[in-house]
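The values are calculated or read from the model by the stated rules, or taken from the named source; none is laboratory data. Note that the coordinates shown come from a computational prediction; the quantities given were computed from them, not determined experimentally. Using ideal geometry, Cβ is built from the backbone for each residue, glycine included, and neighbour counts are taken over all protein chains shown. With ligands, DNA and RNA removed, areas are computed over all heavy atoms of the protein, side chains included. Shrake-Rupley method; radii C 1.70, N 1.55, O 1.52, S 1.80 Å.
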Amino acid sequence: MSRRPDSPGSATVLEELAARASALDAGDPLAAQRERFVLPDGVVYLDGNSLGALPAAVPEALADAVHRQWGEGLIRSWNEHRWWQAPLRVGDTIGRLLGAAPGQTVVGDSTTVHLFNALTAAARLRPARRLLLTDPGHFPTDVYIADSVARLLGLEVLRVAVDDLPRCLAERGHEVAVAGYSPVDYRTGELYDMAAVTRAVQGAGAVMLWDLCHAAGALPVRLDELGVDLAVGCGYKFLSGGPGAPAFLYIARRHQDAFDQPLTGWNGHADPFALRGEYAPARGVERARIGTPPILSLLALEAALTAFEGVGMDQVRAKSLSLTGFFMDCADALLDGLGFTVVTPRQPHRRGSQVALRHPEAYPLVSALAARGVIGDMRAPDLLRFGVNSLYVSHHDVLTAVRHLRQAVTLREHLEPRHRQRAAVT
Ligand SMILES: *Cc1c(COP(=O)(O)O)cnc(C)c1O
């Protein structure tokens, strides 16, 4: 007698998934890190790839920065609390997560601003070449800035997908000044081979600029080992530095003397307090400073980064793969026949720290999920995105999220008018 397969969502299937989640969570060496975050009760947070959750160390550090350092110390705190050194100090802390030795990473400003500086400086490192390469699927700001830099410098942007890079570089590599790419596709979560792309770009004599917004704090990045030239990335996604947290810029030491950025602000001057009339860049990565940095945000980010203390990025990666793999298993078991397609690659080495599902009703479904206490997000037109941060997401959270998604869609909650009204931020 053949046994009928259990239908999706049946009690047996759910019990099996719950047992797996319990076993995986029980064996999770990072389980205790969740204590380092403040998360509201009853919420499953799968949007840490857009805005990281609040690290428990941040409120106290911010209160101290405001009341004691600013309120009492006043301007003396630039020296006494080493505010002036914060961009490089926090840069080195982030550098440790990126495989970057100290003295190559600076923090302040936004990713967008760093992109402008880095792309322009990269083009100036290759003055005889007139092409900028970028990914047609790149996050829009990266493409917009590349286009603007090209207009300013009289260069041309080619939008070339990662898979087409070898062909493009073989044909026109000698004309390429800089290639700006992200290791993780922010929509699908696809992970590219950073080592291979870096080799190919540099093999053509071009500068490799990586945007690490979806990699920093999510997976091991070996900037020094791979010989990457330049990198940028934001502080508020997997680094959990808070809304609008300052972003970082990495300049490999060998490029620092020649790094000529367009935004020549006084903080990057060799002798900023001499207040000279002529610009002379500081030595080292300090020259990539621009103007006065947002100290409160920098100190919040610095406190947030303590959540990574004692945690290896290889552990973060192993758990992230376990979470995303389990997510896809739950989706296979519980969402079959409900109109979803998993678009994130199944092979572990080809996915970042998120799972994306395609569904024509992505927006109202994400809204209906949020009403059930499961926070993910959507990317137009039809992707539901679920980011997993290994420091505070559990396998049970993943199962809860997929169960709620199944319920929301089978109960047709996404058809309710309140879930069809678009908010300003999606
Ligand atoms: C999130 C993200 C940004 C954000 O840039 P901001 O200047 O912080 O708004 C840029 N690029 C990529 C690839 C991103 O994922």
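Could you tell me which numbered condition residue 135 fails, if it satisfies all but one of (1) under 25 Å from residue 285 (Cα atoms); (2) buried (at least 18 other Cβ atoms within 10 Å of the Cβ)?
(1)
Starting from residues that are out of contact with any strand residue (DSSP E or B) (no Cβ under 8 Å at 6 or more places or on another chain) and closer than 18 Å to residue 126 by Cα, keep the ones in segment 172-199 and report whichever is nearest to the ligand (Cβ to nearest atom).
199
For residue 302, work out the one condition from (1) more than 21 Å from residue 34 (Cα to Cα); (2) open to solvent by 20 Å² or more (accessible area, probe 1.4 Å); (3) touching a Ser or Thr at 6+ places or on another chain (Cβ under 9 Å); (4) not basic (Lys, Arg) it doesn't fulfil.
It is condition (1) that residue 302 fails.
Listed here are the residues, each with its yes/no results for (1) over 24 Å from the mean Cα position of the chain (by Cα); (2) open to solvent by less than 10 Å² (accessible area, probe 1.4 Å); (3) more than 30 Å from residue 56 (Cβ to Cβ).
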site: 187; (1), (2), (3): no, no, yes
site: 192; (1), (2), (3): no, no, yes
site: 213; (1), (2), (3): no, no, no
site: 218; (1), (2), (3): no, yes, no
site: 225; (1), (2), (3): no, no, yes
site: 229; (1), (2), (3): no, yes, yes
site: 234; (1), (2), (3): no, yes, no
site: 249; (1), (2), (3): no, yes, no
site: 269; (1), (2), (3): yes, no, yes
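Residue by residue through segment 200-240, note down the ones that are assigned to a loop (DSSP other than H, G, I, E, B) and more than 16 Å from the ligand (Cβ to nearest atom).
Here is the first cut: in segment 200-240, the ones assigned to a loop (DSSP other than H, G, I, E, B) are 204-206, 212-222, 227-229, 234-240.
The answer is 204, 205, 206, 220, 222, 227, 229.
Do you know which residues across segment 22-35 are open to solvent by 80 Å² or more (accessible area, probe 1.4 Å) and touching a helix residue (DSSP H, G or I) at 6+ places or on another chain (Cβ under 8 Å)? Walk me through how you get there before you give the answer.
Restricting attention to segment 22-35, the residues satisfying the condition of being open to solvent by 80 Å² or more (accessible area, probe 1.4 Å) are 26, 29, 34-35.
Result: 29, single match.
Go through the residues of segment 178-192 one by one and say whether even a single one is free of Cβ contacts under 8 Å to residues at least 60 places away in the same chain and of a type in the set (Asp, Glu).
No - not one qualifying residue is present in segment 178-192.
Return the residue satisfying two criteria in turn: it lies in segment 158-171 and is touching a strand residue (DSSP E or B) at 6+ places or on another chain (Cβ under 7 Å) and within 16 Å of the ligand (Cβ to nearest atom), and of such residues it is most open to solvent (accessible area, probe 1.4 Å).
159
Determine, yes or no, whether residue 128 is open to solvent by less than 50 Å² (accessible area, probe 1.4 Å), more than 30 Å from residue 380 (Cα to Cα) and out of contact with any Ser or Thr (no Cβ under 6 Å at 6 or more places or on another chain). Let's see the steps before the verdict.
Details: open to solvent by less than 50 Å² (accessible area, probe 1.4 Å): no; more than 30 Å from residue 380 (Cα to Cα): yes; out of contact with any Ser or Thr (no Cβ under 6 Å at 6 or more places or on another chain): yes.
Judged against the criteria, residue 128 is not a match.
Here are some residues: 316, 311, 285, 342. Which one is free of Cβ contacts under 8 Å to residues at least 40 places away in the same chain and open to solvent by less than 60 Å² (accessible area, probe 1.4 Å)? Please lay out each step first, then the result.
Details: 316 fails: free of Cβ contacts under 8 Å to residues at least 40 places away in the same chain; 311 fails: free of Cβ contacts under 8 Å to residues at least 40 places away in the same chain; 285 fails: free of Cβ contacts under 8 Å to residues at least 40 places away in the same chain.
Testing whether each residue is free of Cβ contacts under 8 Å to residues at least 40 places away in the same chain and open to solvent by less than 60 Å² (accessible area, probe 1.4 Å) leaves just 342.
Within segment 4-15, is even one residue more than 19 Å from residue 399 (Cα to Cα) and modelled with pLDDT under 95?
So the first thing to find is which residues in segment 4-15 are more than 19 Å from residue 399 (Cα to Cα), and the list is 4-5.
Then drop every residue that is not modelled with pLDDT under 95, which leaves 4-5.
Within segment 4-15 (the criterion being more than 19 Å from residue 399 (Cα to Cα) and modelled with pLDDT under 95), the answer is yes, since at least one residue qualifies.
Got a sec? Which of 399, 369, 405, 384 is in contact (Cβ under 8 Å) with a residue 24 or more places away in the chain, within 23 Å of residue 138 (Cβ to Cβ) and not in a loop (DSSP other than H, G, I, E, B)? Outline the logic, then answer.
Numbers: 399 fails: within 23 Å of residue 138 (Cβ to Cβ); 369 fails: within 23 Å of residue 138 (Cβ to Cβ); 405 fails: within 23 Å of residue 138 (Cβ to Cβ).
Among 399, 369, 405, 384, only 384 is in contact (Cβ under 8 Å) with a residue 24 or more places away in the chain, within 23 Å of residue 138 (Cβ to Cβ) and not in a loop (DSSP other than H, G, I, E, B).
Can you tell me which condition residue 85 does not meet? The list is (1) on the phi < 0 side of the Ramachandran plot; (2) more than 16 Å from the ligand (Cβ to nearest atom); (3) within 22 Å of the chain's Cα centre (by Cα), and all the others hold.
Condition (3) is where residue 85 drops out.
Would you point out the residue of segment 93-120, among those that are more than 16 Å from the ligand (Cβ to nearest atom) and in a loop (DSSP other than H, G, I, E, B), that is most open to solvent (accessible area, probe 1.4 Å)?
Selected residue: 102.
Which pairs do you get when a residue that is within 17 Å of residue 190 (Cβ to Cβ), found in segment 207-226, comes within reach of a residue that is within 11 Å of the ligand (Cβ to nearest atom) and charged (D, E, K, R), reach meaning Cβ atoms under 7 angstrom, with the pair 6+ apart or on two chains?
Within 7 Å, the pairs are 211/142; 213/237; 214/237.
The conditions are (1) of a type in the set (A, V, I, L, M, F, W, C); (2) under 17 Å from residue 232 (Cα atoms); (3) in a helix (DSSP H, G or I), and residue 66 fails exactly one of them. Which is it?
(2)
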